[in-house]
1. Angle, helix 164-176 long axis vs. longest principal axis of the chain, Cα atoms, 0 to 90°, nearest 10?
2. Taking amide hydrogens as modeled 1.01 Å from N in the peptide plane, which residues meet the under 5 Å criterion relative to Leu253, leaving out close sequence neighbours?
3. Using the count of nearby Cβ atoms within 10 Å as a rough guide to exposure, how do Leu226, Leu333 rank from fewest to most?
4. List the lysines whose Cα lies under 23 Å from the Cα of Lys280, skipping any in the same chain that are fewer than 8 positions away.
5. Note the per residue figure in Å³ for the convex hull of the C-alpha positions in segment 207-362.
6. Want the number for Lys77 to Asn176: 0.36 nm per residue separation, take away the alpha-carbon distance, what's left?
7. Using only Cα atoms, find the angle between the long axis of helix 10-19 and the longest principal axis of the chain, and express it within 0 to 90 degrees, rounded to the nearest 10.
8. Between Ser23 and Trp318, how many nm apart are label points set 7 Å from Cα along the C-beta direction?
Amino acid sequence: MVDTLSIKHIYFDLLERIQKNESCVVATVTGTHGSTPQKQGSTVIIGKDGICAGTVGGGVVEMEIEKIGMGAVGTKKTGYYRFDLNHDISEENAAICGGGMNIFLDASPEKHKVIFEMVRKATINRIPGVLVTSCITNSGKNVSVERFWLTKENFSNESKNLSGEISEVAEIMLLNQIPDEFREITFKSTEEAEQLVFLESITPLPKLIIAGAGHVGTALSHLGKLLDFEVTVWDDRTEFANKKHLPDAHQILSGNMEDSLGKLDVDRDTFIVIATRGHKKDADVLRKFINSGAGYIGMIGSRRKIEFVHESFMINGWAAQEQWNKIYSPVGLDIQAKTVQEIAVSIAAQLILVRNQLKKWNG
């Protein structure tokens, strides 16, 4: 079973603080233009003593929003702020990225505790959705906020509370399921009042399945968690497949490959790294998943070993050459890696590259 407590998301952190009655605000980058230190959707939680989690890019903008947020913890003043990053390089404390950022600061996130609970439950159950935040401002003085959580299952009912344009955008986002997609829509109702709507796609973490809990598998499980993968590690040796040996894995499997690893659901959002203790077991795992539709399959090993496994697959008809060509082997980017840690980094870098390519293709 996946260790859901170790799957982190900024809204999980926010929810935990709300449940503990900690006073905090949450600020999100809703719009950018030109060169900026962070993208749309980047979020930071701010308490009375400063930033608790997340980032909106660091530097001058983050310092300013942190200052505003610390004040808002007490005043409960929600606001929408625009920052110009196009200052002259001679200005010592000014941002010179050359772009601009819009940041929405919700000073009362506890009002939407139920919504954040819905987000957490859906994410743990691997249900994608769209978080809709509607912010109505009146001359920048009075701000009212509503949040909605939309999934394919509740869309018909919940979308009734939204305008046609917002519903259409949300429906497209639900259909595409592009990780971290963020939209900002502005409606000008009067000269003084406007409605700002932010739509954020929240999808389950991509799955990283590591077959083999040896040195490389253990190091990679640590990096995988840092890089926001949901990490599953399998090894048929119980002395390796345990929480003490694999503290960073969300799920640990052991025993017979078919009865444990072989039962996992695999899709385009699944990344598989094969690094068992022998080429026979590597080949068994590869046979199981080569036709699975996984977004990434990499197999560790020397060129001689890979040639041997390749030949076995071709002779026995276990895969066509076209299928074999999709396997990343030798695994990892060529960074002249030598040590276990360097090899794990090279694999992690390749996982990042492929994950970002898949996001681009989905978009």
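Computed from the coordinates by the stated procedures, all read-outs in this text should not be read as laboratory data. None of these values were measured; they are calculated from a predicted model. Note that we place each Cβ from the backbone using ideal geometry, even for glycine, and neighbour counts take in every protein chain shown.
1. So the helix axis and the longest Cα principal axis differ by about 20 degrees.
2. Close amide H contacts, sequence-distant or interchain: Val233, Trp234, Asp235.
3. Working: Leu226 11, Leu333 15.
Ordered by Cβ neighbours within 10 Å, fewest first: Leu226, Leu333.
4. Within reach: Lys263, Lys288, Lys305, Lys326.
5. Measuring per residue, one finds 106 Å³ for the Cα hull of segment 207-362.
6. Details: separation 99, 0.36 × 99 = 35.64 nm, distance 3.49 nm.
Contour length minus Cα-Cα distance gives 32.2 nm.
7. In the chain, helix 10-19 runs at an angle near 60 degrees to the longest axis.
8. Result: 6.3 nm between the two label points.
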